[in-house]
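All remarks here apply to the structure that follows.
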Amino acid sequence: MKHATAWGLKFSLGAPLAAVLAGGLAFAPRAGAADDYPSRPIRMLVGFSAGGATDLSARMIALQLSERLGQSVVVENRPGAGGSIAASAVAKAPADGYTLLYTSAAHAINAALYKSLPFDPVADFQPITTVTTTLNALIAHPSLPVRGAAEFIAYAKASPGGVSMASTGIGSSSHMAQVLFTSMAGIQVNHVPYKGTGEAIRDIVSGEVKVTIDAVTAYLPYLRNGSLKVVCLGDVRRSALLPDAPTCDETGLPGYAVRSWQGVLTTANVPRNVVDRLNREINAILKSPETIRQMQAAGARPLGGTPEEYAAIIKQDIAKLKELVSLAGIQPQ
């Protein structure tokens, strides 16, 4: 397996907005949509299980969006295929703005992992806005006798393929974070994919699977009560959220940094006035002090921005991920 060195040993699932503004896409205004939007409930599809980082963030946004729009925004979980089941449903929905996709960096990952999808990750969707970027960590059962990246790498090398590492599904951001780590570290693990974070947490807490790399959001209660531990953070600097946790960068894997984003898309060709309304309302939610407080407490940072900025992030990440998939020796299916 080749080592991932193409970006100076750094990779971010969801680039900072400032880095992708140049060359942003232009979206022409579209005629259409009734001025009374929304006049009925809105569906927000989430391609991952209830209880995971993406689901928790989606429900927080949906609740506040319901209040601002004066219509129910109902979250529907459709887990499976790295988020592709939910994405496919949204791609085929009427272009009226009443079906939204709350997704993660897995949306870009799928474009790199699969030769053929039942939708085009770019052309079949209209970006609305990014929502958050989340802190990732190498998280383990307390019985795993390691602390820091170097100790974990040595442990894995002593038993090639003997360490089981959970992910939230093939093609998920958790899986790609794992691929990057193992490629950079030169180790082999036994990948155990789950349908979502909730199922993975259950088996890691029980000790059936010893370790994962994932967004910390859904794991915080277990980290705080000692049911799980952080081996190292997937960042180049420590976090105030987990001040005692070392980074992978400082403990033996220089440059390892992965942050996953979440965002809202809708079906292609939704009228621009509808897109602008949704963008305006979600950005207002993200500027709320209470939203900022809740997200930071969950290990996330609010982003926001324009549809054009989000479109550029998705395109940039697809290009990066295709290179990572190639470097890791993964054959697109």
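The values are calculated or read from the model by the stated rules, or taken from the named source; none is laboratory data. These numbers come from a predicted model, not from an experiment. Virtual Cβ from ideal backbone geometry, glycine too; neighbours counted across all protein chains shown. Remember, those area values only see protein heavy atoms, side chains included, never the ligands or the DNA or RNA. Shrake-Rupley method; radii C 1.70, N 1.55, O 1.52, S 1.80 Å.
Tabulated results
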read-out	value
Identity of the residue in region 287-313, under 15 Å from the mean Cα position of the chain (by Cα) and modelled with pLDDT under 95, that ends up surrounded by the fewest Cβ atoms within 10 Å (Cβ to Cβ)	Arg301
Leu100 being touching a Gly at 6+ places or on another chain (Cβ under 9 Å), open to solvent by less than 10 Å² (accessible area, probe 1.4 Å) and of a type outside the set (Val, Ile, Thr)	no
Filter result for the condition that a residue is at pLDDT 95 or above, touching a Phe, Trp or Tyr at 6+ places or on another chain (Cβ under 8 Å), open to solvent by 10 Å² or more (accessible area, probe 1.4 Å) and not in a loop (DSSP other than H, G, I, E, B), over Asn283, Asn273	Asn273
Failed item, numbered, when Gly263 is tested on (1) assigned to a strand (DSSP E or B); (2) within 21 Å of Tyr155 (Cβ to Cβ); (3) at pLDDT 95 or above; (4) of a type outside the set (Asp, Glu)	(2)
Condition met for Val90 (in a helix (DSSP H, G or I), hydrophobic (A, V, I, L, M, F, W, C), over 30 Å from Val211 (Cβ atoms) and touching a residue at least 12 places away in the same chain (Cβ under 8 Å))	yes
Filtered residues of region 215-235 (kept if assigned to a strand (DSSP E or B) and open to solvent by 10 Å² or more (accessible area, probe 1.4 Å))	Lys229, Val230
Filter pass, Val179 being open to solvent by 30 Å² or more (accessible area, probe 1.4 Å), outside any loop (DSSP other than H, G, I, E, B) and out of contact with any Gly (no Cβ under 7 Å at 6 or more places or on another chain)	no
Subset tally (residues that are at pLDDT 95 or above and part of a loop (DSSP other than H, G, I, E, B)) for region 48-77	3
So Pro121, is it open to solvent by less than 30 Å² (accessible area, probe 1.4 Å), part of a loop (DSSP other than H, G, I, E, B) and within 27 Å of Ala257 (Cα to Cα)	yes
